[in-house]
Amino acid sequence: MTILEAVVVDKITKIYGALVALDNVSLRVRKGEVFSLLGPNGAGKTTLVEILECLRTPTSGEAYVMGHSIRDPAGVKRIKEVIGVLPQDFNAVDELTVLENITLVASAKHVKSDVRPIMEELGLWEVRKRLFSKLSGGMKRRVGIAMALVGDPELVFLDEPTTGLDPQARRETWRFIRNLRRGGKTVVLTTHYMEEAERLSDRVAFIVKGRIALEGGVTELVSRFGGGYVVTIEADDEMLLRVSEGGYAIEKQSAGRAQVRIGGWAEMVKLYTLLQSHGFDGVIEVKPASLESIFLSLVGARISETGDLV
Amino acid sequence: MRALTTLVNMLFRSWHRSWTAVFFGILFPVMLLLVFGSIFGAPSTPNYSLYVRNLDINEHGKASQLSAAFVEILNNSVFEVILLSPDETPRQTAFAPLRILTIPKGFTSQLINRTIQTRIDIMIDTSLRFVEMSGGEIGPEERENITRGLSRLRAFRESIAAENVKLVLEGSPDDPTLQPLAGVIHTLASRFEMALLNATNSIDLETVTTVKRQLRAVDYYLPGYIAAFVMTNGVIGVSGVVSDFRRRGLVKLLATTPLSKTTWITALIISQTLVSMILLTVMLAMGWIVFRISALPDLYSLIIILVGTVSYTSLGVLIGSVLKEPGAVSALSNAVAFPLMFLSGAFWPLEIMPELMQQIARLTPLYYFHTALRQTLIAGLPSEAIIPSAVMATMTVVVFSLAYYISKWKDF
């Protein structure tokens, strides 16, 4: 582990009875970056971050957080002093005010400094006397983020921070996460939203069925997997067969829908000409290659809005 | 230390802002004390209803003078007399037992005849004793006259047709008061008969009021309810808090901070101790204001409440930690608390429960809690609280240890 690394995961395996939740997982998170663990529900994302948060004991393997071993009691004590956590599906105490909830966690973290700056940064100071139960969903999530950030932690774990939020609240949360990165914090984010990971992360790791399927920088991965564009064609099976016969690799086909990867606009024109020659009158959609298309190529399935593989 | 005080403060604030918690933790036991203390605790004379069917009436349906006088005597005693017409049968409309006393036809004539017979018996007996005691002072002729006179009296007595008056008391075999009340009626009938004979009582009964106040029902309920609701606040309330904190991810969040499991459990116990002290204060205040129970808790009583709070808070922590589903936590905590409340004798005196239920009550831990509290708080007999306190302390050590070691701060 180097001083530039915030997290090192070395061959971590976690087994629950007959279920292998994590299978020999290794990865590294650099200091000051936003690192996303991307995967569907049940892939093992939360299990992995909870091991790093010292909430779970791995069956085998080792991990270091900010240079401290998660297996060493003294290390665990030190880790707990430098991390901030937003658990999955988190909700604060309904009967306490915003300020009281944040003060509760601040005292648990032995934070002596004022909580006001972080509350002002997240726009919570004005509503500090309001009961948590009276807040909107987006404001509640902000309180959760404030509780994770209180005490100025070096490393922040955000487990599915935008799940269940409306688009506006989600964008606000993204803004806070970007600000964290700008402030030099290391952020480990778990999400099943590809767009979220792509917009916020420096690096990502796809985790599927307890294994790291792919790890790397977002732009690096897109170019490694061919870059270019992804064309989604909605047509009948016969038309898709013609496309296939034309030398294009169809990456995904389901109920009259297929995706074709192309290198550039010249190739796009060629493909369109082929479709026209076979009387195509359907819909095509062209997008630059993205994490979603890479995930599709790797796993052969998408992740739905609710986090399930489809 | 700051973390502990803040956590206690926040737990207590979240408790007092929850109407449900305050209602079931404080207001509900106060309501029970007021309701049951008023129903069963007022020191009034018991009044027993008695239906009287008087068949000793004339052709106009008017009761004879003696039978009416006897009914009046009954009505001035412990009974609340309700008169029935000869062919009327009362209907059972309430849970009060039905008792019917029938005064037979000919009550007056039979009673008068029997009274005359009794007077003659007394007269003969007295005359014989007088003759026997006078010895030689009475001459043979006078003795002969007396004997002749007594013979005439006997003959007159025999000429009077008289049988004992037979009153009939009907009642349910399930009514435990039937036999004692039959005894009361019998005594009143005897005194009525004595009055007809112009006899005076030879035995007087003096009732002396002792200085020591008799324990009332409310004296039983007060420590019983305090113990029962310290228990429910711990078992149902704390398990609910732990379960809710877990469901919200708060326990996970706290476990990722330097806060220890010991601090978390200690904070729960301290906040519950505050709740118990409020409960104690409110209950004692209501007891004093409404029922004039002047029970001031001594140090021993406070220690008993503290031990009870630790014990049942630990049980709540245990239940809230072991089960994951909030519904299951609620079901189990209720399944523990309610049988404890009703079987332990906290809600009603053990003496009125059947023997089997008394045995079961002595097997419940709550029995020892309310018994110890009653002995110290109400009876002022701390020595009687030693064994129950020892049982409580043992239970507390066991439950606290289980709660501490079984509740998780990792690998949830």
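The values are calculated or read from the model by the stated rules, or taken from the named source; none is laboratory data. Remember, it's a predicted structure, so these values are computed and weren't measured experimentally. In this analysis, Cβ positions are derived from the backbone assuming ideal geometry, glycine residues included, and neighbour counts consider all displayed protein chains.
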- Query: Can you name the residue in segment A:85-101 that is without any contact (Cβ under 8 Å) to a residue 60 or more places away in the chain and among the charged types (D, E, K, R) and, of all such residues, is nearest to the other protein chains (Cβ to nearest Cβ)?
  - Reply: A:Glu95
- Item | The listed residue being polar (S, T, N, Q) and buried (at least 23 other Cβ atoms within 10 Å of the Cβ), out of A:Ser36, A:Ser26, A:Ser60 | A:Ser36
- Task: Could you list all residues from segment B:218-240 that are surrounded by fewer than 23 Cβ atoms within 10 Å (Cβ to Cβ) and either within 14 Å of chain A (Cβ to nearest Cβ) or more than 32 Å from the chain's Cα centre (by Cα) (or both)?
- Result: B:Gly240
- How many residues of segment A:102-120 are away from every other protein chain (no Cβ under 11 Å) and exposed (fewer than 15 other Cβ atoms within 10 Å of the Cβ)? The answer is 5
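Condition check ((1) away from chain A (no Cβ under 14 Å); (2) surrounded by fewer than 16 Cβ atoms within 10 Å (Cβ to Cβ); (3) among the hydroxyl-bearing types (Ser, Thr, Tyr); (4) within 29 Å of the chain's Cα centre (by Cα)) across all residues:
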{"position": "B:Ala3", "(1), (2), (3), (4)": "no, no, no, no"}
{"position": "B:Thr20", "(1), (2), (3), (4)": "no, yes, yes, no"}
{"position": "B:Ile26", "(1), (2), (3), (4)": "yes, no, no, yes"}
{"position": "B:Val35", "(1), (2), (3), (4)": "yes, yes, no, yes"}
{"position": "B:Arg53", "(1), (2), (3), (4)": "yes, no, no, no"}
{"position": "B:Ser64", "(1), (2), (3), (4)": "yes, no, yes, no"}
{"position": "B:Ser67", "(1), (2), (3), (4)": "yes, no, yes, no"}
{"position": "B:Asn76", "(1), (2), (3), (4)": "yes, yes, no, yes"}
{"position": "B:Val81", "(1), (2), (3), (4)": "yes, no, no, yes"}
- Note on the structure: Given the conditions (1) in the same structural domain as B:Ala285 (by TED's automatic domain parsing); (2) within 30 Å of B:Phe291 (Cα to Cα); (3) not hydrophobic (A, V, I, L, M, F, W, C), every one holds for B:Asn9 apart from (2)
- Yes/no for B:Ala331 being modelled with pLDDT of 95 or more, farther than 26 Å from B:Met1 by Cα and more than 14 Å from chain A (Cβ to nearest Cβ): yes
- Message: Can you confirm whether B:Phe369 is part of a helix (DSSP H, G or I), within 21 Å of B:Gly237 (Cβ to Cβ) and not polar (S, T, N, Q)?
- Response: yes
- Query: Consider B:Phe400 against the criteria (1) surrounded by 13 or more Cβ atoms within 10 Å (Cβ to Cβ); (2) under 27 Å from the mean Cα position of the chain (by Cα); (3) assigned to a helix (DSSP H, G or I): it satisfies all of them except one. Which criterion is unmet?
  - Reply: (2)
- Residue hits (segment B:166-201; hydrophobic (A, V, I, L, M, F, W, C), in a loop (DSSP other than H, G, I, E, B) and at pLDDT below 90) are B:Leu197, B:Ala199
- Query: Looking only at segment A:10-41, which residues are among the small types (Gly, Ala, Ser), under 22 Å from A:Leu309 (Cα atoms) and in contact (Cβ under 8 Å) with a residue 12 or more places away in the chain?
  - Reply: A:Ala21, A:Ser36, A:Gly39
- Note on the structure: Residues of segment B:173-217 being among the β-branched types (Val, Ile, Thr) and either exposed (fewer than 10 other Cβ atoms within 10 Å of the Cβ) or assigned by TED's automatic domain parsing to the domain that holds B:Leu315 (or both), in sequence order, are B:Thr200, B:Ile203, B:Thr207, B:Val208, B:Thr209, B:Thr210, B:Val211
- Message: For the condition among the β-branched types (Val, Ile, Thr), assigned by TED's automatic domain parsing to the domain that holds B:Tyr221 and surrounded by fewer than 24 Cβ atoms within 10 Å (Cβ to Cβ), what is the one hit in B:Ile289, B:Ile304?
- Response: B:Ile289
